[in-house]
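See below for the structure under consideration.
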Ligand SMILES: Cc1cc2nc3c(=O)[nH]c(=O)nc-3n(C[C@H](O)[C@H](O)[C@H](O)COP(=O)(O)O)c2cc1C
């Protein structure tokens with residue numbers, strides 16, 4: 001399937017049918033997210049795939065986004081609150097194991113990355129982690145479109161409510177952004193057949209040669 005066709009097909013769905021997205025398609029999207037690039041390779045977020053309607057209703061209470069409660073699945077992108085030396089050690093050890101190289105050969109990498117995060121505040125590192133989660137959101141949008149699964153990226157929710165209901169503080173995480181997944185309801189969604197609107201390419205991008 002052509003990527004530009006996928007991107008033209010997708011839009012931020014406002015209403016979903018009752019149809020459930022298969023676990024195979026959810027796993028495809030999660031796998032794509034896991035393959036996303038992240039700064040230093042740290043993958044400083046975790047993704048929760050929620051298909052429990054009672055929990056979705058609680059998460060969406062008070063939000064103007066009915067999709068939170070209605071969608072087949074809700075992906076919650078939860079970023080790290082802090083970056084610790086243990087996080088960096090675990091990543092470097094994982095690389096050494098996966099690539100079959102001595103851990104000592106990665107000492108320089110460890111020192112550079114650990115020093116970088118130590119030179120900044122927890123708040124700065126949490127903001128950095130949020131940015132990485134948004135890159136993963138972008139991958140998820142593309143992967144869902146490729147599977148012809150509709151989706152809605154959302155910032156319109158109460159992050160504190162999400163953090164509390166998902167027990168994120170005790171996991172050292174906070175909610176960054178969310179993505180609902182399902183199938184568009186063409187009868188109820190006023191945007192289902194609307195033309196995609198984007199600024200002209202030459203206004204968005206400047207080629208400097
Ligand atoms: C980070 C982010 C947050 C968004 N938050 C919401 C939201 O809370 N509710 C909603 O219905 N759409 C939300 N959107 C969808 C945008 O409104 C939509 O992507 C934009 O209007 C472009 O339209 P299209 O994606 O349908 O092509 C969000 C999009 C992004 C990327």
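The values are calculated or read from the model by the stated rules, or taken from the named source; none is laboratory data. Since this is a predicted model, take the numbers as computed values, not measurements. Cβ placement follows ideal geometry from the backbone for every residue including glycine, while neighbour counts extend to all protein chains displayed.
Is it the case, given these coordinates, that residue 164 is assigned to a loop (DSSP other than H, G, I, E, B) and surrounded by fewer than 15 Cβ atoms within 10 Å (Cβ to Cβ)? In short, no.
For the range 117-134, a residue qualifies if it is over 29 Å from residue 30 (Cα atoms) and in a helix (DSSP H, G or I), and exactly one does: 118. Considering (1) within 14 Å of the chain's Cα centre (by Cα); (2) farther than 28 Å from residue 40 by Cβ; (3) within 11 Å of the ligand (Cβ to nearest atom), the lone condition that residue 181 does not fulfil carries the number (3).
Report yes if residue 59 is touching a residue at least 24 places away in the same chain (Cβ under 8 Å) and more than 19 Å from the chain's Cα centre (by Cα), otherwise no. It is false that residue 59 is touching a residue at least 24 places away in the same chain (Cβ under 8 Å) and more than 19 Å from the chain's Cα centre (by Cα). Among the helices (runs of 4 or more DSSP H) confined to the range 1-75, the ones with at least 2 residues that are closer than 15 Å to residue 183 by Cβ and away from the ligand (no atom under 12 Å from the Cβ) are located at 23-34.
Of the candidates 137, 141, the single residue that is near the ligand (Cβ under 10 Å from one of its atoms), buried (at least 21 other Cβ atoms within 10 Å of the Cβ), at pLDDT 95 or above and in a helix (DSSP H, G or I) is 137.
Here residue 89 meets the list (1) away from the ligand (no atom under 13 Å from the Cβ); (2) within 19 Å of the chain's Cα centre (by Cα); (3) assigned to a helix (DSSP H, G or I); (4) surrounded by fewer than 19 Cβ atoms within 10 Å (Cβ to Cβ) almost entirely, failing just condition (2).
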